[in-house]
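Notes for the one structure printed next.
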Amino acid sequence: TTTEMLYGDAKQVVRSRTDYFTTSDGGTYYYDDDVVVYDYTNSNAEATLSGGDYVVFALDDGMVAAIYIVSDPADEGDAENTGSDITISNVSFNSINGNLRFTGTPIGRTVYIEVELFTTGSGYSTLNVTSAVLTGNAQRLTDRTYTTAGDYRVTFYADEDMTEVIDTFYITNSYSSGS
């Protein structure tokens, strides 16, 4: 029986030895000395496994059969990370403090958020771009408050390059100081 891992499930190596490695989630994985480690980030060149590497691997009857070093999925926005596997909901502005609030899943994924304000005659202009790690619960951005009442466009992206759109929300911010 062979089990495969997806890129989005990459594990970080904490310790590497000749015939096994341990990962940050506490797993220990054994392999024979004839298993080759490939570095996907370097054209699949043969490599040596080290602590700190992120790996995907296949298990065959409990033993590691193939190992690929990959880049940190959080830095890459995941090769398997598409806007279709992330859900954003309950997007709003807090009318008292101007924080942007939302709920997003799956837990632990990083999303990139562009907040734009509509101005008559100019259209939408970007106020800021930020990121957040999804918690699965209602959460709020505290790095920036939006205290201008008006119409906003808030776009969530799955990647730092902001090419993979998860969803776009058009929201009226009814902020009023002292409410």
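Selection of segment 24-55 for residues being in contact with a Lys or Arg (Cβ under 8 Å, 6 or more places away or on another chain) and more than 14 Å from ILE69 (Cβ to Cβ) yields SER24, ASP25, GLY27. Within segment 28-48, being open to solvent by less than 60 Å² (accessible area, probe 1.4 Å) and modelled with pLDDT of 90 or more holds for TYR29, TYR31.
The set of residues in segment 89-139 that are surrounded by 17 or more Cβ atoms within 10 Å (Cβ to Cβ), of a type in the set (A, V, I, L, M, F, W, C) and within 13 Å of the chain's Cα centre (by Cα) comprises VAL111, ILE113, ALA132, LEU134.
Can you tell me which residues in segment 154-179 are open to solvent by less than 60 Å² (accessible area, probe 1.4 Å) and assigned to a strand (DSSP E or B)?
Answer for segment 154-179, where residues must be open to solvent by less than 60 Å² (accessible area, probe 1.4 Å) and assigned to a strand (DSSP E or B): VAL154, THR155, PHE156, TYR157, ILE166, THR168, PHE169, ILE171, ASN173.
Only one of the numbered conditions (1) touching a Leu at 6+ places or on another chain (Cβ under 7 Å); (2) farther than 30 Å from ASP72 by Cα is violated by GLU116, and that is (2).
The values are calculated or read from the model by the stated rules, or taken from the named source; none is laboratory data. Small disclaimer: the values here were computed from a predicted structure and weren't measured. Please note: Cβ atoms are built from the backbone with ideal geometry, for glycine as well, and neighbour counts cover all protein chains shown. For accessibility, only protein heavy atoms count, side chains too; no ligands or nucleic acids. Shrake-Rupley method; radii C 1.70, N 1.55, O 1.52, S 1.80 Å.
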